[in-house]
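Single-structure report; data block below.
Every read-out reported here was derived from the displayed coordinates using simple, explicitly stated rules and does not represent laboratory data. Since the structure is predicted, the reported quantities are computational estimates derived from the model, not experimental observations. Here the Cβ is made from the backbone with ideal geometry for all residues, glycine too, and neighbour counts use every protein chain on show.
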Amino acid sequence: MEFSSRLLENAVNEVSQLPGIGKRTALRLVLHLLRQPESQTLHLANALKDLRSEIKHCKNCHNISDVDICDICINDNRRQDIICVVEDIRDVMAIESTAQYKGLYHVLGGKISPLDGVGPHNLTITSLVEKVQNGKVKEIIFALSSTMEGDTTNFYIYKQIESYNVKTSTIARGIAVGDELEYADEVTLGRSIVNRVPFENSLKSS
């Protein structure tokens with residue numbers, strides 16, 4: 001692809017780094033921005049700059065937040081003794097959209113995947129185990145995607161906490177095996193949370 005402008009080429013190259021964006025799509029997006037009022041493009045640039053410089057991760061659940069402790073964790077109407085374990089913020093948003101869950105979350109930041117170089121030490125598993133050790137947690141809900149990596153991560157965490165007096169459950173398999181949580185419809189995902197089953201049952205059936 002030949003460019004008549006170095007500035008245009010640089011912008012296209014940067015945009016094409018985004019997931020699912022090829023060079024042609026990147027060029028179309030960059031040209032679209034050029035056709036918009038300069039103020040609109042600057043608003044976008046400033047929003048991305050602020051995102052990188054000011055975004056935080058909740059010190060309690062590791063969710064993305066504007067403040068040190070996120071709105072979910074400080075909400076007195078949420079059950080503090082139930083923790084739903086998810087991969088990232090997209091899963092939190094998906095479950096919240098169902099309006100069926102009233103506990104807290106713990107965002108792992110990924111799933112155990114040796115092929116991708118992701119081990120337990122790369123995730124926030126240690127802080128989750130510490131929460132269980134404190135004795136205030138009554139139930140851990142595993143809500144990772146039903147993939148090999150998700151099941152491996154569930155089992156690893158389960159082995160870390162099985163000696164403690166805490167109930168472990170997993171979302172009901174209304175979510176098809178291999179599906180990512182964020183793509184499930186709200187009704188199916190909501191029912192999966194409500195109809196969660198003991199995690200031990202999933203071990204017997206696998």
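At-a-glance table
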| read-out | value |
| --- | --- |
| From phi via Karplus (6.51, -1.76, 1.60), per-residue ³J(HN,Hα) for the range 158-171 in Hz, x at Gly/Pro | 4, 5, 6, 10, 5, 7, 9, 7, 9, 6, 10, 9, 10, 4 |
| Cα centre as origin, Lys/Arg/Asp/Glu Cβ charges: the range 6-54 dipole, Debye | 260 |
| Cut-off under 5 Å, modelled amide H: who pairs with HIS57 long-range | SER65 |
| Pairwise label distance in nanometres, GLU38 with ASN13, each label 7 Å out on the Cα-Cβ vector | 2.5 |
| Cβ-based charge dipole, the range 108-174, positive-most Cα from ALA143, PRO120, THR168 | THR168 |
| Loop GluC sites (Glu not before Pro), the range 1-106 (other Cβ atoms within 10 Å of the site Cβ: 12 or fewer; DSSP) | GLU2 |
| Interchain or long-range residues, amide H under 5 Å from THR170's placed H | PHE142, VAL197, PHE199 |
| Whole-Hz couplings from phi, Karplus 6.51/-1.76/1.60, listed for the range 101-115; x for Gly and Pro | 10, 10, x, 9, 10, 9, 8, 6, x, x, 10, 5, 8, x, 5 |
| Neighbour cut-off at most 13 other Cβ (10 Å), DSSP loop, trypsin sites (Lys or Arg not before Pro), the range 111-168 | LYS136 |
